[in-house]
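The values are calculated or read from the model by the stated rules, or taken from the named source; none is laboratory data. What you see is a predicted model, and the numbers here were worked out from it, not measured in a lab. Positions of Cβ are backbone-derived with ideal geometry, glycine not excepted, and every protein chain shown enters the neighbour counts.
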Amino acid sequence: MFLGLKSVIFPSANLEADTTFWEAATGVKAYFAQPYYVGFKVGDQELGLDPNATKEGLDYPVSYWHVKDVNEAAKQLIANGATTNTEIRDVGGGMMMGTFKDPSGNVFGIIDIAQE
């Protein structure tokens, strides 16, 4: 069910400046750039910039597990002691994601890869 850590999404207070920084730092041009998200493919990883993350209480980068079924993965996480941090939701184009806290309070996310 869990396919690996594939995405790290950073909150962004300034998408233009952060996009410029990450393009220069990684040597990779953003493949997706919209006012609500900027994405980079660096190797087989996703580096994302999210201007809305702080509205959800995320003021630090969050690592996301890619999963085959976001709802089943959420059930598995909750059954094993995780708590919901942000509800699972469609973030566009049918891509479903949400964040959780492990028993120590660490925040992590899951992304349904069905749309990839």
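Scanning region 63-116 for residues that are among the small types (Gly, Ala, Ser), farther than 14 Å from Leu3 by Cβ and in contact with a Phe, Trp or Tyr (Cβ under 8 Å, 6 or more places away or on another chain) yields a count of 3.
Would you confirm, using the coordinates I've provided, whether Ala30 is small (Gly, Ala, Ser) and in a helix (DSSP H, G or I)? So Ala30 does not fit the description; no.
Just wondering, is there one or more residues in region 22-32 that are among the β-branched types (Val, Ile, Thr) and under 21 Å from Gly105 (Cβ atoms)? So far as region 22-32 goes, no, none of its residues is among the β-branched types (Val, Ile, Thr) and under 21 Å from Gly105 (Cβ atoms).
Identify all residues within region 66-90 that are within 14 Å of the chain's Cα centre (by Cα) and farther than 19 Å from Tyr36 by Cα; write none if there are none.
His66, Val67, Val70, Asn85
Cβ separations smaller than 6 Å between residues 6+ apart or across chains give the following pairs from region 59-70 residues that are under 22 Å from Leu49 (Cβ atoms) to residues that are surrounded by 14 or more Cβ atoms within 10 Å (Cβ to Cβ) and acidic (Asp, Glu): Val70/Asp112. Taking first residues from region 96-110 that are acidic (Asp, Glu) and partners that are buried (at least 16 other Cβ atoms within 10 Å of the Cβ) and in a loop (DSSP other than H, G, I, E, B), the Cβ contacts under 8 Å between residues at least 6 apart in sequence or on separate chains come to Asp102/Ala82.
Which of the residues belonging to region 91-116 are surrounded by fewer than 19 Cβ atoms within 10 Å (Cβ to Cβ), within 12 Å of the chain's Cα centre (by Cα) and within 19 Å of Lys55 (Cα to Cα)? I'd like the intermediate steps shown before the answer.
Here is the first cut: in region 91-116, the residues surrounded by fewer than 19 Cβ atoms within 10 Å (Cβ to Cβ) are 91-95, 101-108, 113-116.
Within this subset, residues satisfying the condition of being within 12 Å of the chain's Cα centre (by Cα) are 91, 95, 107-108, 113.
Passing the criteria: Val91, Val107, Phe108.
Against the list (1) assigned to a helix (DSSP H, G or I); (2) at pLDDT below 95, the condition Lys6 fails is (1). Within region 37-63, the residues that satisfy the criterion of being closer than 17 Å to Arg89 by Cα and either in contact with a Lys or Arg (Cβ under 7 Å, 6 or more places away or on another chain) or of a type in the set (A, V, I, L, M) (or both) are Ala53, Leu58, Val62. For region 42-73, a residue qualifies if it is in contact with a strand residue (DSSP E or B) (Cβ under 8 Å, 6 or more places away or on another chain), outside any loop (DSSP other than H, G, I, E, B) and not hydrophobic (A, V, I, L, M, F, W, C), and the qualifying residues are Gln45, Glu46, Gly48, Asp50, Thr54, Glu56, Ser63, Tyr64, His66, Asn71.
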